[in-house]
Amino acid sequence: MTTTAQPPTAELGKARRRKEDARLVTGQTTWTDNLVLPGMLHLAFVRSPYAHARITSVDVSAARSLPGVVAAFSGADFAEEQGSLPCAWPVTPDIVIPAHPPMAVEEVRYVGEAVAVVVARDRYTAADALASIDVGYDPLEPVLDMRTALDENSPKVHESGNKSYEWVFANGDLDAAFRDAPVVIERNYRQQRLIPCAMEPRAVVSSWIGDDVTLWSATQIPHVLRFAIAAFFGIPEQSIRVIAPDVGGGFGSKLQVTAEEVLAVLISRRLGKPVKWTESRSEGNMTVHHGRDQWQRIRLAADSDGGIRGLSVDLLADMGAYLMLVTPGVPLLGAFMYPGIYKMDAYSFRCTGIFTTKMPTDAYRGAGRPEATFAIERIMDELAAELGVDPLEVRERNWIKHEEFPYTTVCGLTYDSGNYEAATARAKELFGYEDLKAEQAERNARGDSVRLGIGVSTFTEMCGLAPSRVLGSLSYGAGGWEHAAIRMLPTGKVEVVTGSSAHGQGHETAWSQIVADQLGVPFEDIRVLHGDTQVAPKGMDTYGSRSLAVGGMALVGACDKVIAKAKVIASAMLEAPPESVEFAAGKFSVGGGKEVSIQEVSLATFAAHNLPEGVEPSLDSDYTYDPDNFSFPHGTHLCATEVDTETGMVKIRSYVAVDDIGQVVNPLIVDGQVHGGIAQGIGQALYEEAVYDDAGNLLTTTLADYLLPSAADLPSFVTDRTVSPAANRLGVKGVGEAGTIASTPAVVNAIVDALRPLGIRDITMPCTPERVWRAIETARGGAASSNGGAA
Amino acid sequence: MTQINITVDGVTYVDQVEPRLLLVHYLRDVLGKTGTPIGCDTSNCGTCTVLMDGVSVKSCSVLAVQADGTEITTIEGLANGEWHPLQKAFHEEHALQCGYCTPGMILASADLLRDNPHPTDEQIRDGLEGNLCRCTGYEHIVRAVRRAAQAGAGQ
């Protein structure tokens, strides 16, 4: 049923405890905010209290005269050099990309936009001085609802209007698919605005020595950040060193080139002093880029036996006030995923990117794919309900069978591997699917006021971002390769340099396992270096579940080159022709028991006394890997909810996740990624929403208002895996986003399943007790309004 | 300025501090004990949890002057020659990813086990409700606390 690639040696698949942990469990970490440099000054920002206003004046003179305040600046003070924050993904030729100065000069377009900065000797003094800065505003009309933002009489966020772009994709004859279709279902789904909330707030330190700058930042993307500062802010690339020290989570939110990073560089240059800025959580909720925020209109045509004929998707995507690094591209990452695991002949997709006076949106865990998966998995349940069949039955009717791989979808993606039957069968078994169905029927029959719901999500995703030529065809501003280097040390130890930039993923451990297997050296003898552009000079960093599928393969390529170089030297040591030398498990051997270890070759190469003529005295190698396809993890997640129809309270009773992420390097790390991903997806389903009021003020500025799930809110998760190896040498697919992509529709499907007998077919996320209760009351014809309730 | 006399991880300090100085900023900025990080400004996340006279407190919600005369244990002082059973258990069970919440999570767990040396999983989840983690989904954290309890961490 499932195929399992046998690991070549012991390390791949082993639950190694992490190398990273020693410093993390003892408080010896190097968070950016820990950094103290001689003479270091602290920044604090004055931020706009208006969603939309013209700046009439900024007076920083009173702040400048306060004790301990070294300087204070307005946007105008940096107007000549601050440029515009970059957008790397102009998705269409006619996309509108407005200027986005790091500090506003003429106009502010969201609450929290920086308008002035204080530089002081300590953080308390800097914060105190903010009150002394006088900013004059001439308020303008905010634009808060993307659904009306394109109306003729809508106020404008930018002079050019509120539309950024329209991007379309179509394949197959959609008209034919919908014409005379026995079943046509249309739904409108809301992807609420989310705040990523990595536990470590953003922090940045910038220090110039002469013409060279070092920037420490809590970032996912030290290499991209270095390139961006060079390319867009006029500082020579060779003079910039970016260090991402220990970084406390990202989830996409630290995949950004931020105003504060750029301003820290510019201010420290102007003052000739190192500066630090660390955000507060309240500041971060307002000004770390947000995620999701789309309205989805999805239409599905099917035959009477449930076979899908075609699918049409029309999105409105809230860009917020500006386009940041990959803001407009996020919906495109979902565009190819709406068909999910299902076969169909016709598909069309349209996305309109719209400006509003809110914090810009950008990548948040899953980026486009959770939205797509939610919509298709929700509407598959609607199709099942329409036909009166089991939701898994209608899915199986349509999904790609395991013998059909590789399979090219209606979107033109070629799924290299998968086995949806195997994952689903295993999930049903672990879940007790049939027993729960029977219990549900029994409880529904007796009118239990607490309803049992069973939710299904059979998802796939595209990750391992990304083949460079595909990114090019989508107008993305960079490639999708990853780099690795191996340094063979004289004593036989190994330094691994990676361009991926971990911030919780455990690369120091997993990369050691991969290299240990490839080179046959002990796990303990390997050290992984990353996150510093002076140490790891080349990379594309960590996001989009790319590190293993792309960065891991770069390691393999670099190890190949080490072995090839070592083989030449080993053959001389063994006095045998290179072609007769075999390499396995760390040893070069020829017949007759003659062998030499890779460590002995390392030492001989270091000494370089007896190397063959013309051979370079180094085994060190590097490799840049550009994938030729995405990878396609998939899985079946099943969720059981208890929905109290009297209070609207939803309790997750059980949750089973069977994921197929290909070959597993470290099952402990994989389980952790899946658990955390599921929790974040549950957060979207039940708890989380960034809320702006009618004036454009963010109401959810604290963790008391923006609810992250706690341990007490979540069930214990049951996880298992099936394995259909990916078509790369490691057989790996990626796991960073799978749980988040899968779990949101599983939970909402379970809630709707519980309430469908009452005539409810949707609840708008987050499915809070109030919304669930209102939906029930509305369905019963009660007094509650449908505000935020039933669709 | 107010004088405080405070013992942190076994070392006694006498310092003049502003009355408004938060304990967590005293630890981080005055003593350089950066093992205790800050995750929010409304005492919701628990990242900055330390033990004050053996009881867990969120050090962002305590003024340094309120800590006068107390004994503070941070993550940096928890190990006693060898790692505390909770530190070992968090490592063994892979109860941390980015590790930012970990110091607070471990110290809150220490207080939880002091109160209840053999908690059920539900009691562990309820007991850690004031400490947020965005990476792990808590599954392995619950296992780690259970493992530490079995190792006698709460005795």
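Values computed for the structure shown
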| item | result |
| --- | --- |
| Residue identified as away from chain B (no Cβ under 14 Å) and not in a loop (DSSP other than H, G, I, E, B) among A:Ala63, A:Ala44, A:Ala51 | A:Ala63 |
| Residue in segment B:23-50 that is farthest from the other protein chains (Cβ to nearest Cβ), counting only those that are buried (at least 21 other Cβ atoms within 10 Å of the Cβ) and hydrophobic (A, V, I, L, M, F, W, C) | B:Leu23 |
| Hits in segment B:6-64 - residues which are of a type in the set (Asp, Glu) and within 15 Å of the chain's Cα centre (by Cα) | B:Asp9, B:Asp53 |
| Among (1) within 11 Å of another protein chain (Cβ to nearest Cβ); (2) surrounded by fewer than 24 Cβ atoms within 10 Å (Cβ to Cβ), the one test that B:Ser61 misses | (1) |
| Residue among A:Ala690, A:Ala704, A:Ala711 that alone is touching a Lys or Arg at 6+ places or on another chain (Cβ under 8 Å) and either polar (S, T, N, Q) or at the interface with chain B (Cβ under 7 Å from one of its Cβ atoms) (or both) | A:Ala711 |
| Hey, A:Ala422 in contact with a strand residue (DSSP E or B) (Cβ under 9 Å, 6 or more places away or on another chain) and surrounded by 18 or more Cβ atoms within 10 Å (Cβ to Cβ) or not | yes |
| Count of residues meeting criterion [over 42 Å from the mean Cα position of the chain (by Cα) and without any contact (Cβ under 8 Å) to a residue 24 or more places away in the chain] in segment A:608-633 | 4 |
| Residue in segment A:654-664 that is without any contact (Cβ under 8 Å) to a residue 60 or more places away in the chain and acidic (Asp, Glu) present | no |
| Any hit, segment A:649-660, residues being more than 28 Å from A:Ile341 (Cβ to Cβ) and either away from chain B (no Cβ under 14 Å) or among the aromatic types (Phe, Trp, Tyr) (or both) | yes |
| Residue among A:Ala321, A:Ala301, A:Ala317 that alone is farther than 20 Å from A:Arg109 by Cβ, at pLDDT 95 or above and small (Gly, Ala, Ser) | A:Ala301 |
| Boolean, A:Tyr655 is part of a strand (DSSP E or B), of a type in the set (Phe, Trp, Tyr), within 30 Å of A:Ile598 (Cα to Cα) and touching a helix residue (DSSP H, G or I) at 6+ places or on another chain (Cβ under 9 Å) | no |
| Of the criteria (1) closer than 27 Å to A:Ala510 by Cβ; (2) outside any helix (DSSP H, G or I), which one A:Leu555 fails | (2) |
| Members of segment A:186-220 that are within 14 Å of another protein chain (Cβ to nearest Cβ) and over 30 Å from A:Arg297 (Cβ atoms) | A:Ala198, A:Met199, A:Glu200, A:Pro201, A:Arg202, A:Ala203, A:Val205, A:Trp216, A:Ala218, A:Thr219, A:Gln220 |
| A:Glu200 in a loop (DSSP other than H, G, I, E, B) and at pLDDT 95 or above | yes |
| Residues being within 10 Å of the chain's Cα centre (by Cα) and more than 19 Å from A:Asn629 (Cβ to Cβ) - total across segment A:732-746 | 1 |
| Entirely in segment A:92-195, the strands (runs of 3 or more DSSP E) that have 1 or more residues that are of a type in the set (Gly, Ala, Ser) | A:114-120, A:134-139, A:163-171 |
| Looking only at segment A:714-740, and only at residues there that are assigned to a strand (DSSP E or B) and surrounded by fewer than 19 Cβ atoms within 10 Å (Cβ to Cβ), the one that is nearest to the other protein chains (Cβ to nearest Cβ) | A:Val718 |
| Out of A:Glu404, A:Glu442, A:Glu421, sole residue that is closer than 30 Å to A:Ile776 by Cα and modelled with pLDDT of 95 or more | A:Glu442 |
| Segment B:70-108: number of residues that are among the small types (Gly, Ala, Ser), more than 10 Å from every other protein chain (Cβ to nearest Cβ) and touching a Ser or Thr at 6+ places or on another chain (Cβ under 9 Å) | 1 |
| Residue list for segment A:237-249, filter: among the small types (Gly, Ala, Ser), more than 8 Å from chain B (Cβ to nearest Cβ) and either assigned to a strand (DSSP E or B) or crowded, with 24+ Cβ neighbours inside 10 Å (or both) | A:Ala244 |
| Residues within segment A:661-680 that are of a type outside the set (A, V, I, L, M, F, W, C), within 20 Å of the chain's Cα centre (by Cα) and more than 10 Å from every other protein chain (Cβ to nearest Cβ), tallied | 1 |
| Pairs where the first residue, in segment A:219-231, is farther than 19 Å from A:Asp246 by Cβ and the second is hydroxyl-bearing (Ser, Thr, Tyr), C-beta under 9 Å, 6+ apart | A:Ala230/A:Ser239 |
| Flag if A:Glu80 is within 18 Å of A:Ala51 (Cα to Cα) and surrounded by fewer than 19 Cβ atoms within 10 Å (Cβ to Cβ) | no |
| Residue that is closer than 30 Å to A:Ala754 by Cα and among the aromatic types (Phe, Trp, Tyr), where the choices are A:Tyr625, A:Tyr655 | A:Tyr655 |
| Filter pass, A:Ala754 being surrounded by fewer than 22 Cβ atoms within 10 Å (Cβ to Cβ) and either in the same structural domain as A:Asp693 (by TED's automatic domain parsing) or touching a residue at least 40 places away in the same chain (Cβ under 8 Å) (or both) | no |
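Per-residue answers, yes or no, for (1) β-branched (Val, Ile, Thr); (2) crowded, with 24+ Cβ neighbours inside 10 Å; (3) outside the structural domain of A:Asp644 (by TED's automatic domain parsing); (4) within 17 Å of the chain's Cα centre (by Cα):
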{"site": "A:Thr458", "(1), (2), (3), (4)": "yes, yes, no, no"}
{"site": "A:Met488", "(1), (2), (3), (4)": "no, yes, yes, no"}
{"site": "A:Lys493", "(1), (2), (3), (4)": "no, no, yes, no"}
{"site": "A:Ser512", "(1), (2), (3), (4)": "no, yes, yes, no"}
{"site": "A:Val515", "(1), (2), (3), (4)": "yes, yes, yes, no"}
{"site": "A:Gly531", "(1), (2), (3), (4)": "no, yes, yes, no"}
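The values are calculated or read from the model by the stated rules, or taken from the named source; none is laboratory data. Not measured: the values here are computed from a predicted model. Every residue, glycine as well, gets a Cβ built from its backbone with ideal geometry; the counts of neighbours run over all protein chains shown.
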